[in-house]
Amino acid sequence: MFKIFHQMEQRTLSAAYRFYCNKNLENAHSAEVDASATYEILEAQTEKYPSLGNTVESILKATGEDVIVDFARRFIMDNGIEVFNFGKFKGRAVADVLRSEPQYYDWMMKGDFPQHTKQKLTEIYTRAMLKKA
């Protein structure tokens, strides 16, 4: 039954908007319209499914998504600790790596990483170095 449902029902923003908000999506694919519709759908989902909760953390937990630290998902939270989500240190605590291999911080700061990732890395690095002292 689940497979039939997925094959027969559209999986588009317009279909979700119709299902959750009971509205037709006009001017789909306009950034503003799509963003607004997505927000309305999320609001409707949290009302329809109270078990989701209404915080980012509760929704991520309910959907099994990683709690991200930076927008590029280079770091995620694991039991309240920032861990690398890529490369040779994937799964290791960022602070531990930065304390043991501070050159990795320099490599990332000079690398082609998004500014937000570098900002979060600097925050973690600063905390790690303060704990070290």
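None of the figures in this text is laboratory data; all of them are computed from the coordinates on show. Computed from a prediction, not measured in an experiment: that's the story for all the values here. With ideal geometry, Cβ positions are generated from the backbone for all residues, glycine too; neighbour counts draw on all protein chains shown.
Using each residue's phi in region 76-86, evaluate 6.51 cos²θ - 1.76 cosθ + 1.60 at θ = phi - 60° and report the 3J(HN,Hα) Karplus result to the nearest Hz, with x for Gly and Pro.
10, 8, 9, 6, x, 10, 6, 10, 5, 10, 7
With +1 assigned to the C-beta of every Lys and Arg and -1 to the C-beta of every Asp and Glu, and no other charges, what is the dipole magnitude of the chain about the Cα centre in debye, to the nearest 20?
Details: 18 positive and 18 negative charges, 114 e Å.
Charge dipole, the chain, about its Cα centre: 540 debye, nearest 20.
Would you kindly derive the ³J(HN,Hα) couplings of region 29-44 from the backbone phi angles with the Karplus curve 6.51 cos²θ - 1.76 cosθ + 1.60 (θ = phi - 60°), listing them in order in whole Hz, with x for Gly and Pro?
6, 7, 3, 5, 5, 4, 5, 5, 5, 4, 4, 4, 5, 4, 4, 5
Search the structure for amide H atoms under 5 Å from the amide H of F75, placed 1.01 Å from N in the peptide plane, and list their residues when 5 or more places away or on another chain.
Sorted by chain and number, the residues that satisfy this are V69, D70, N85.
How big is the charge dipole of region 2-63 about its Cα centre, in debye rounded to the nearest 20, if each Lys and Arg gets +1 on its Cβ and each Asp and Glu gets -1 on its Cβ?
Numbers: 6 positive and 8 negative charges, 69 e Å.
Dipole size: approximately 340 debye.
Please compare each pair in K3/K90; K61/K131; K90/K118; K23/K61; K88/K110; K61/K110 to a cut-off of 23 Å on the Cα-Cα distance and tell me which ones are over it.
K3/K90; K61/K131; K23/K61; K61/K110
Say the dipole of the chain comes from +1 at the beta carbon of Lys and Arg and -1 at that of Asp and Glu; which of I59, A15, T46 then lies farthest toward its positive end?
I59
Could you name the aspartates and glutamates in cross-link range of K120, using Cα to Cα under 20 Å and dropping any fewer than eight places away on the same chain?
E57, E65, D66, D70, D78, E82, D96, E101, D106, D112
Just name one of A35, V97, I124: the one whose Cα is farthest towards the positive end of the charge dipole of the chain (beta-carbon charges, Lys/Arg +1, Asp/Glu -1).
Checking the options against the dipole of the chain, the answer is V97.
How would you classify the chain from its alpha-carbon gyration tensor, with a ≥ b ≥ c the square roots of the eigenvalues: rounded for a/c under 1.5, else prolate if a/b is greater than b/c, otherwise oblate?
prolate
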